[in-house]
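Enquirer: Take a look at the following structure, please.
The values are calculated or read from the model by the stated rules, or taken from the named source; none is laboratory data. These figures come from a predicted structure and were not determined experimentally. Every residue, glycine as well, gets a Cβ built from its backbone with ideal geometry; the counts of neighbours run over all protein chains shown.
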Amino acid sequence: MIKIVKFGGSSVASATQFQKVKGIVQADESRRFVVVSASGKANKDDNKITDLLYLCHAHLKYNISPEPIFNMIEQRFLEIKKELQLQYDIQKDLDALRKELVKTIDVDYLVSRGEYLTGLLMAEYLDYHFVDAKDIVFFNYDGSIDYPKIKQAFEELVVEYPKLVIPGFYGSLPDGTIRIMSRGGGDVSGSIMANVVDADVYENWTDVSGILKADPRIVKNPKQIEIITYAELRELSYMGASVLHEEAIFPVKHKNIPIHILNTNDPESKGTIIVNQVDDSKDTTSTITGIAGKKDFSIITIKKSHMSTEVGTIRRALDVIDKYGLSVEHLPTGIDSFSIVLESAPLKPILYDVLVQIKEKCKTSDIHVMDNVALIATVSRFMKSKTGMSGRLFTTLGKKGINISMISQTSDEMNIIVGVHNDDYGRTIDAIYEEFEGE
């Protein structure tokens, strides 16, 4: 068996966390390939190394000395080395990086040093071979992943080094230039390596014991999701659930490699397993998988008499939206009306121009805008096989006096999305959870 194990920033934030990681890795011989993030917060008042590196770059950009910030980074790494009694000369790397702190330094290179330096220390501590991510994770110029090149590099390395530590979050372009991923990209790095080695499982170790059915800041002690499909996770991630980077799904999904979310601080917890398909034929008790949502959307509603017999009205409105580079979240339709749901922040500065052009293109003046809308998704693979779930959802919101301004559900019946006022966001999530998961 082969496991790819990825440890997030909180799992490598201090010497104490390094010790936990070592215990986890040594407990299972199949954990031969380790991906690490940059050191995160050791406590609530601490700073993530990645944030400090971004701050260094901002200081350089505005001709402010980054020295006080860099000293904080240096201190963190030296503390970990000292407490673990490591031999690697991390000071030499830090001194070299300090000399490179000039205004023209490439931001991707600078920010990637968090993972790079964390990986060097972790490799010595585990007695694994360190491989720079730029030498094993390759991107094409269009940003796509060069899997054949990665596989070749890995196969050449593993002949000599059967146990590897790889920094997450970055790789290299064909010319060798460092390229970082979006925040949380270390999850994607682990997923890429799981794909390349055809891993039996991809373990993603973080600071929570799996994925919860709802936001614990809203719902008191929500239940943990034991098993979830990639499709369900994609829906929840898109709507704001953020335990795993949503792009981490794709490299492993088509190979049917399960992802196991686990807690570095509670390694005995079962965690959450993410798979392609689940056999729920004998499950008669489960209802919803999870609830997630986001605030601050706007709904533009366009009305026009006899629109149902007119060709191209919706397309013309969407052409305007596309012209301004706006992303459509949902598109509910009626007989003589349709609505376009958009994020409010990018729409607000150009709202007047957008409305004027929609009126002109669609030849109607009957347009209304609703702001302060929250979208809440109730996700469940059980909806298709269990009748009455949508009825229960709408009934419970009605009893709570929560007005629904939009409803959206696709034909696969994976989720139901409702739009409510921002002020009802927490009440809505709490009411849905209580209806389906309350004791």
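Enquirer: Condition test on Val420, is it over 17 Å from Ile218 (Cα atoms) and of a type in the set (Val, Ile, Thr)? Working first, answer last.
Expert: Details: over 17 Å from Ile218 (Cα atoms): no; of a type in the set (Val, Ile, Thr): yes.
In short, no.
Enquirer: Restricting attention to region 359-381, report how many residues are assigned to a loop (DSSP other than H, G, I, E, B) and buried (at least 20 other Cβ atoms within 10 Å of the Cβ).
Expert: Filtering region 359-381 for residues assigned to a loop (DSSP other than H, G, I, E, B) gives 363-366, 380-381.
Then keep just the ones that are buried (at least 20 other Cβ atoms within 10 Å of the Cβ); that gives 380-381.
Number of matching residues: 2.
Enquirer: Still on this model: Could you give every pair whose Cβ atoms fall below 8 Å, whose first residue belongs to region 304-333 and is without any contact (Cβ under 8 Å) to a residue 12 or more places away in the chain, and whose second residue is in a loop (DSSP other than H, G, I, E, B) and surrounded by 13 or more Cβ atoms within 10 Å (Cβ to Cβ), counting only separations of at least 6 or pairs across chains?
Expert: Glu310/Lys304
Enquirer: What number of residues in region 1-18 are over 18 Å from the mean Cα position of the chain (by Cα) and assigned to a helix (DSSP H, G or I)? I'd like the intermediate steps shown before the answer.
Expert: First, pick out the residues of region 1-18 that are over 18 Å from the mean Cα position of the chain (by Cα): 1-4, 12-18.
Subset that is assigned to a helix (DSSP H, G or I): 12, 15-18.
Residues in region 1-18 being over 18 Å from the mean Cα position of the chain (by Cα) and assigned to a helix (DSSP H, G or I): 5 in total.
Enquirer: Restricting attention to region 135-167, and to residues there that are assigned to a loop (DSSP other than H, G, I, E, B) and either among the hydrophobic types (A, V, I, L, M, F, W, C) or under 20 Å from the mean Cα position of the chain (by Cα) (or both), which single residue is modelled with the lowest pLDDT? Don't jump to the end; show me each part of the working.
Expert: To start, the set of residues in region 135-167 that are assigned to a loop (DSSP other than H, G, I, E, B) comprises 136-137, 140-144, 146, 161-163.
Subsequent filtering for residues that are either among the hydrophobic types (A, V, I, L, M, F, W, C) or under 20 Å from the mean Cα position of the chain (by Cα) (or both) retains 136-137, 143-144.
Details: Ile136: 97, Val137: 97, Gly143: 91, Ser144: 94.
Taking the candidates together, the pick is Gly143.
Enquirer: Ok, one more. I'm trying to understand the selection: among the residues of region 399-424, which are over 25 Å from Phe338 (Cβ atoms) and not in a loop (DSSP other than H, G, I, E, B)?
Expert: We begin by selecting, within region 399-424, every residue over 25 Å from Phe338 (Cβ atoms); these are 399-401, 423.
Hits for region 399-424 are Lys399, Asp423.
Enquirer: Could you identify the single residue in Gly184, Gly171 that is within 21 Å of the chain's Cα centre (by Cα), free of Cβ contacts under 8 Å to residues at least 60 places away in the same chain and assigned by TED's automatic domain parsing to the domain that holds Pro251?
Expert: On the way: Gly184 fails: free of Cβ contacts under 8 Å to residues at least 60 places away in the same chain.
On inspection, the qualifying residue turns out to be Gly171.
Enquirer: Among the numbered conditions (1) touching a helix residue (DSSP H, G or I) at 6+ places or on another chain (Cβ under 8 Å); (2) charged (D, E, K, R); (3) in a loop (DSSP other than H, G, I, E, B), tell me where Lys384 comes up short.
Expert: Result: Lys384 passes all but (1).
Enquirer: Let me ask something additional. Do you know which residues across region 150-166 are surrounded by 17 or more Cβ atoms within 10 Å (Cβ to Cβ) and farther than 23 Å from Val25 by Cα? Let's see the steps before the verdict.
Expert: Here is the first cut: in region 150-166, the residues surrounded by 17 or more Cβ atoms within 10 Å (Cβ to Cβ) are 150, 153-154, 164-166.
Ile150, Ala153 - these are the residues of region 150-166 that are surrounded by 17 or more Cβ atoms within 10 Å (Cβ to Cβ) and farther than 23 Å from Val25 by Cα.
The rows are residues; the columns are (1) touching a helix residue (DSSP H, G or I) at 6+ places or on another chain (Cβ under 9 Å); (2) on the phi > 0 side of the Ramachandran plot; (3) assigned by TED's automatic domain parsing to the domain that holds Ser305; (4) free of Cβ contacts under 8 Å to residues at least 24 places away in the same chain.
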{"residue": "Val341", "(1), (2), (3), (4)": "no, no, yes, no"}
{"residue": "Tyr352", "(1), (2), (3), (4)": "no, no, yes, yes"}
{"residue": "Gln357", "(1), (2), (3), (4)": "yes, no, yes, no"}
{"residue": "Lys363", "(1), (2), (3), (4)": "yes, yes, yes, no"}
{"residue": "Val369", "(1), (2), (3), (4)": "yes, no, yes, no"}
{"residue": "Ala374", "(1), (2), (3), (4)": "yes, no, yes, no"}
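Conditions tested, residue by residue: (1) in contact with a strand residue (DSSP E or B) (Cβ under 6 Å, 6 or more places away or on another chain); (2) modelled with pLDDT under 95; (3) in the same structural domain as Met307 (by TED's automatic domain parsing); (4) within 30 Å of Val278 (Cβ to Cβ).
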residue	(1), (2), (3), (4)
Leu347	yes, no, yes, no
Gly388	no, yes, yes, yes
Leu397	no, no, yes, yes
Ser405	yes, yes, yes, no
Met414	no, yes, yes, yes
Gly419	yes, no, yes, yes
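Enquirer: Kindly check whether there is at least one residue in region 168-186 that is touching a strand residue (DSSP E or B) at 6+ places or on another chain (Cβ under 9 Å) and assigned to a helix (DSSP H, G or I). If you could, list the steps in order and put the result at the bottom.
Expert: Quick first cut of region 168-186, residues touching a strand residue (DSSP E or B) at 6+ places or on another chain (Cβ under 9 Å) only: 168-174, 178-181, 185-186.
From what's left, assigned to a helix (DSSP H, G or I): 186.
Yes.
Enquirer: Tally up the residues in region 161-220 that are under 26 Å from Gly143 (Cα atoms) and of a type in the set (Asp, Glu), please.
Expert: 4
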